[in-house]
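Heads up: the structure comes next, in structure tokens.
The values are calculated or read from the model by the stated rules, or taken from the named source; none is laboratory data. This one's a predicted model, so the numbers in the text were calculated from it and none came from an experiment. Ideal geometry is used to build each Cβ from the backbone, glycine not excepted, and the neighbour counts take in all protein chains shown. Just the protein is used for accessible areas: all its heavy atoms, side chains included, with ligands, DNA and RNA removed. Shrake-Rupley method; radii C 1.70, N 1.55, O 1.52, S 1.80 Å.
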Amino acid sequence: MDNPLKKYIRFATSLHLFSGLPLTKVFYYLCAFTNDRNKMEYNFSDIEQKWQSFWSSHKTFKVEADSSLPKFYVLDMFPYPSGAGLHVGHPLGYIASDIYTRYKRLKGYNVLHPMGYDAFGLPAEQYAIQTGQPPQKTTSQNIKRYREQLDKLGFSYDWDREIRTCDPSYYKWTQWAFLKMFHHWYDMELDKACPIETLIDAFNTHGNTRIKAAHNCKEEFGASEWKAFSDKEKEDILMSYRIAYIGETTVNWCAALGTVLANDEVREGFSIRGDYPVVQKKMKQWQLRVSAYAERLLKGLEDITWSDSLKEMQRNWIGKSEGAQMEFMVKNGSETFSMSVFTTRADTIFGVTFMVLAPESEWVNLLTAPEQKEEVEKYVAYVKTKTERERMSQTHHVTGVFSGSYATNPFTGKEIPVWISEYVMAGYGTGAIMAVPAHDSRDYIFARHFKLPIIPLIEGCDISSESFDAKEGIMCNSGFLDGMTVQEAIPAAIEEVEKRKLGVRTTNYRLRDAIFSRQRYWGEPFPIYYRDGMATPLPESQLPLELPPLDSFHPSSSGEPPLANAKNWTYGEYPLETSTMPGFAGSSAYYLRYMDPHNSRELVSRDSNNYWQDVDLYIGGTEHATGHLIYSRFWNKFLFDLGIVCKEEPFRKLVNQGMIQGRSNFVYRIKNTNTFVSLGLKENYKTTELHVDVNLVENDRLNLEAFRQWNPEYKDARFILENGEYICGWTVEKMSKSMFNVVNPDVICQRYGADTLRMYEMFLGPLEQSKPWDTNGIDGVHRFLKKFWRLFFDKNGELAVTNNPPVEKELKILHNLIRKVEDDIESFSFNTTISAFMIGVNQLTDLDCHKRGILEPFVILISPYAPHIAEELWSLLGNKPSVANAAFPVFNQEFIKELIFEYPVSFNGKLRFKKTLDINMNKDEIERLVREDERTIKYSGGEKIRKIIVVPEKIINIVI
RNA sequence: GCUCGGGUGGUGGAAUAGGUAGACACGCAGGACUUAAAAUCCUGUGGACAGUAAUGUCCGUACGGGUUCGAUUCCCGUCCCGAGCACCA
């Protein structure tokens, strides 16, 4: 057994052997040392354990809706509990949100600060396929580990509200929302989701010709036709109007994962999870009609406090562009077709010299002339063989084929050829374009390559080597548009198009409907069964439809999703849907469920929702900008349309914490030897750079013994040292196991304590900035906490706080700090607060200040940052029950006067003098004061003076 | 290519309604206490030059211009780094 006493004796013995001192003397020194330590040292591990169990047993952070208190909702993006556990980068945002939460509580708010787990997902399933371990089991193990790690950091979550997306009582409401979407359609006139019954009524009276709806229905029909349709036909038509619908679409199919993926789960033709190739494939899939909300998703960005870059990312993703949809008559031999294109540059119509179709476009078959058939088919086949990545990487590789048919330019009347090329995408606009080579770089390159005519439309533009894409200049060669600026010509052209009935003004969005089914096991089952091949919703009373246990998580032998293997996966005699929902399903409304997590009758009760309303502060990474944060906003808007939630936007303010990168260390092995040379001397040798585990390195000094034991290969390693030490090189890289630079928060907690870790993570730099983790600086923060602790004790280790009234100097330190802490937290500058604390402690130490009137408020100020030490000191000062229930100290204006006195008035940047200025001074008094110095001033008026700037002959500015 | 951020000591970073640049911390150097170590505390620390010294002078916020009594901050141009988007018609 390795108890502390044995360790202690072993340590003393080795000291005795090492130093040659008598054993008795060794014990004497050790005793003196440890006694001293026990008495007054800051014992963080005892303190932190004590208060963490206090908080948990007293449910200190439990909150209830209370209409007598103002509410505040602080939310973290809940984690996916991976098998690797947390590294030091994960808690950054959690620490920031916890500081804000604790601050808001001190300010008298009733703060909702919950936590949970985004527990469905691919990694657990992949692990299950490899090992046969059910995802239920590994997920709950991972959650347990996450919880242990989170608890050590002293977060003030209300754990009674914990949710897990894989819990049936939670995903009941994910399924419920899906059913609601199935039962609704989007009315473009009312601009909201409406019950499907209203659509059926409308079909019964007018058919679908008069209805403005978001849909993908291909037919038009009148009321009598509708009534004559069979049930199956009716159901197929309704399906093309539902907000949750099955539709055939080109999907991202990942063969390696055996599932379809959403656009945000794919990057450059490869899956984000696993980096497997993804191909485009037409499939019937469940989809959510997110595109119906495109305009509202865009508009809603105006009223929320998110960073500009994040809003910009969402705007790009939604990709609104305004222009016109125009009809071109196309002749293929004797047949004539009307083909529509979308353009934002209707003004360039006179420069259209050819048209281009996407190879996948439905027009290709109709418009291919018999004599070109062979060539077109060859080309289309060639395009199909290219992967998505190849098509993207070869952007300037021009390919294409002439279709053999000609369109007519409706304005010039000229015949123009129709081409087919991969540079036009089937998925955007109509899959066909009018090409204006003079003013679009892609059209220009194409025209040059195939020697098609180029007509310049802007006076004086140079198109000899490239197109003129800018929307500026005076129009020419453009008939009635000649002489206008481009900005005038665009609306004028659209107007003319509409007048001549050649097309209509249109807005196009890049945002596409979200593909909502995944052919995998570890997700929410769809509450859908198939009757005679028709997708039919389960009644709400059947929810939740629980995920059945499985023995094998592979796809079935016939290529069906894993759920096809489940026994009795039927509703009565009818088969249930075998796909499951994607990862974003469970995370789309979790912030609502936290408001009322135990409600078994509703997603969230009206009362709870009315009280908590929306998330006031949401902290998380930018990686969710185009995924979760779009889907959540969509989901919330849908629920808003149904009157289930009272706010249209779910996240009022959003802060993106930066990434914490790893700081890797290197050692330098001399080639073909087992000798390592220190950084400063490596130029003298031929060396190989090797990553070394950062846990064996301190302040870039290698622990030689630990290094030898790290890997058997290095057992006999020799070192060339500089000044007796081995200095390692370093660089900043992603934090990952393979770079040996992962720092586990548990290790830091054990060594320095959670309070030090929390403060250090904040001290590292601005919250929103990415920065490397560098353990080197942590001693400074730890030293500060020790100093802070010592402030409360005298030299004998006795609590030394007195009730003497503080003097003005001490009050100034305090009130300066109050203002600083308040300003910094409100502006999320948590890093600079730590400096202010350090200065404050140093000043109080110099003054030997032991006064309760100063120290007690100081404890409150520091408690959001270092809650454990604050609780301990708070209770030592005789307060009950918890500093979390204290009130934030009030900043006293009186001491601002003192600050003014201190601020030097500079003269010519060199001479300095101090002037006594009073906050109550008015303009005349200041003028008189300065006139005595024979200088003139300008004064713009105001209430308080902060500083006064003087230069030769005049005062330039008085800052108020 | 387009959009948005950002370039400050050996290091992380302070300071922007223009006003003592480098707070605070790390590291480094020196010192105190100690038989010793640990811990703790104190001093110095952007660069160059001058002086025995206190101190003084000049140069310094990526680079080049501009506005201003005064610019790290505002404006124009250039370079570099990071993030996002990328045949979006």
Select from segment A:442-464 the residues that are within 42 Å of the chain's Cα centre (by Cα) and open to solvent by 50 Å² or more (accessible area, probe 1.4 Å) and list them in ascending order.
-> A:442, A:445
Exclusive hit being open to solvent by less than 10 Å² (accessible area, probe 1.4 Å) and either within 19 Å of residue A:744 (Cα to Cα) or in contact with a Cys (Cβ under 7 Å, 6 or more places away or on another chain) (or both), set A:692, A:677, A:697 = A:692
In segment A:138-159, residue nearest to residue A:50 (Cα to Cα) [restricted to those that are buried (at least 18 other Cβ atoms within 10 Å of the Cβ) and among the hydroxyl-bearing types (Ser, Thr, Tyr)] = A:156
Going through segment A:839-856 in order, the residues found to be open to solvent by 40 Å² or more (accessible area, probe 1.4 Å) and of a type in the set (Lys, Arg) are A:852
Take segment A:700-743 and flag every residue that is out of contact with any Cys (no Cβ under 6 Å at 6 or more places or on another chain) and assigned to a strand (DSSP E or B).
-> A:701, A:718, A:719, A:720, A:722, A:725, A:727, A:729, A:730, A:731, A:732, A:733
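Conditions tested, residue by residue: (1) out of contact with any Leu (no Cβ under 9 Å at 6 or more places or on another chain); (2) assigned to a helix (DSSP H, G or I); (3) within 16 Å of RNA strand B (Cβ to nearest atom).
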{"position": "A:437", "(1), (2), (3)": "no, no, yes"}
{"position": "A:453", "(1), (2), (3)": "yes, no, no"}
{"position": "A:466", "(1), (2), (3)": "yes, no, yes"}
{"position": "A:501", "(1), (2), (3)": "yes, no, no"}
Could you pull out the residue among A:527, A:561, A:544 that is out of contact with any helix residue (DSSP H, G or I) (no Cβ under 8 Å at 6 or more places or on another chain), in contact (Cβ under 8 Å) with a residue 40 or more places away in the chain and either more than 17 Å from residue A:323 (Cβ to Cβ) or buried (at least 18 other Cβ atoms within 10 Å of the Cβ) (or both)?
-> A:561
Those residues that are open to solvent by less than 50 Å² (accessible area, probe 1.4 Å), in a helix (DSSP H, G or I) and not small (Gly, Ala, Ser), I need them from segment A:181-203; list them, please.
-> A:181, A:182, A:196, A:199, A:203
Name the pairs whose Cβ atoms lie under 8 Å apart, with the first residue in segment A:774-786 and closer than 15 Å to residue A:88 by Cα and in contact (Cβ under 8 Å) with a residue 60 or more places away in the chain, the second in a helix (DSSP H, G or I) and more than 6 Å from RNA strand B (Cβ to nearest atom), and 6 or more positions between them or separate chains?
-> A:775/A:694; A:775/A:748
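Sort through A:804, A:796 and tell me the only one that's out of contact with any Lys or Arg (no Cβ under 6 Å at 6 or more places or on another chain), outside any helix (DSSP H, G or I) and more than 8 Å from RNA strand B (Cβ to nearest atom).
Details: A:804 fails: out of contact with any Lys or Arg (no Cβ under 6 Å at 6 or more places or on another chain).
Every option except A:796 fails the conditions.
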Would you mention how many residues in segment A:472-484 are at pLDDT below 85 and either in contact with a Gly (Cβ under 9 Å, 6 or more places away or on another chain) or under 16 Å from residue A:435 (Cα atoms) (or both)?
-> 1
Residues (assigned to a helix (DSSP H, G or I) and touching a Lys or Arg at 6+ places or on another chain (Cβ under 6 Å)) located in segment A:829-883 | A:836, A:841
Within segment A:115-143, how many residues turn out to be over 12 Å from residue A:523 (Cα atoms) and assigned to a loop (DSSP other than H, G, I, E, B)?
-> 5
From the residues in segment A:752-780 that are open to solvent by 20 Å² or more (accessible area, probe 1.4 Å) and part of a loop (DSSP other than H, G, I, E, B), which one is farthest from residue A:831 (Cα to Cα)?
-> A:774
All but one of (1) open to solvent by 50 Å² or more (accessible area, probe 1.4 Å); (2) outside any loop (DSSP other than H, G, I, E, B); (3) among the aliphatic types (A, V, I, L, M) hold for residue A:425, so report the exception by its number.
-> (2)
In the set A:818, A:825, the lone residue that is away from RNA strand B (no atom under 11 Å from the Cβ), touching a Ser or Thr at 6+ places or on another chain (Cβ under 9 Å), modelled with pLDDT of 90 or more and in a helix (DSSP H, G or I) is A:825
Assuming residue A:294 fulfils every condition listed in (1) within 16 Å of RNA strand B (Cβ to nearest atom); (2) out of contact with any Lys or Arg (no Cβ under 9 Å at 6 or more places or on another chain) apart from one, which condition is it?
-> (2)
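Kindly indicate which of A:870, A:800, A:836 is at pLDDT below 90 and surrounded by 14 or more Cβ atoms within 10 Å (Cβ to Cβ).
Criteria check complete, one pass: A:800.
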Please work out which residue is least open to solvent (accessible area, probe 1.4 Å), limiting yourself to segment A:204-247 and to residues that are touching a residue at least 40 places away in the same chain (Cβ under 8 Å) and of a type in the set (Lys, Arg).
-> A:242
Taking segment A:277-300 and keeping only residues that are open to solvent by less than 10 Å² (accessible area, probe 1.4 Å) and of a type in the set (Lys, Arg), one is left with A:289
In segment A:607-658, which residues are closer than 26 Å to residue A:262 by Cα, among the acidic types (Asp, Glu) and away from RNA strand B (no atom under 16 Å from the Cβ)?
-> A:641, A:648, A:649
Residues of segment A:594-619 being crowded, with 16+ Cβ neighbours inside 10 Å, at negative phi and outside any helix (DSSP H, G or I), in sequence order, are A:594, A:595, A:596, A:597, A:603, A:604, A:614, A:615, A:616, A:617, A:618, A:619
Flagged in segment A:248-276 as closer than 21 Å to residue A:126 by Cβ, open to solvent by less than 80 Å² (accessible area, probe 1.4 Å) and part of a strand (DSSP E or B), in numbering order, are A:251, A:252, A:253, A:254, A:259, A:260, A:261, A:266, A:270, A:271
Search segment A:49-75 for residues that are closer than 27 Å to residue A:653 by Cβ and in contact (Cβ under 8 Å) with a residue 12 or more places away in the chain and pair each with any residue that is assigned to a loop (DSSP other than H, G, I, E, B) and open to solvent by less than 30 Å² (accessible area, probe 1.4 Å) when their beta-carbon atoms are under 6 Å apart and the residues are at least 6 apart or on different chains.
-> A:60/A:882; A:61/A:156; A:61/A:158; A:62/A:158; A:63/A:158; A:72/A:616; A:73/A:616; A:74/A:113
Any chance you could count how many residues in segment A:95-137 are open to solvent by 20 Å² or more (accessible area, probe 1.4 Å) and of a type in the set (Ser, Thr, Tyr)?
-> 3
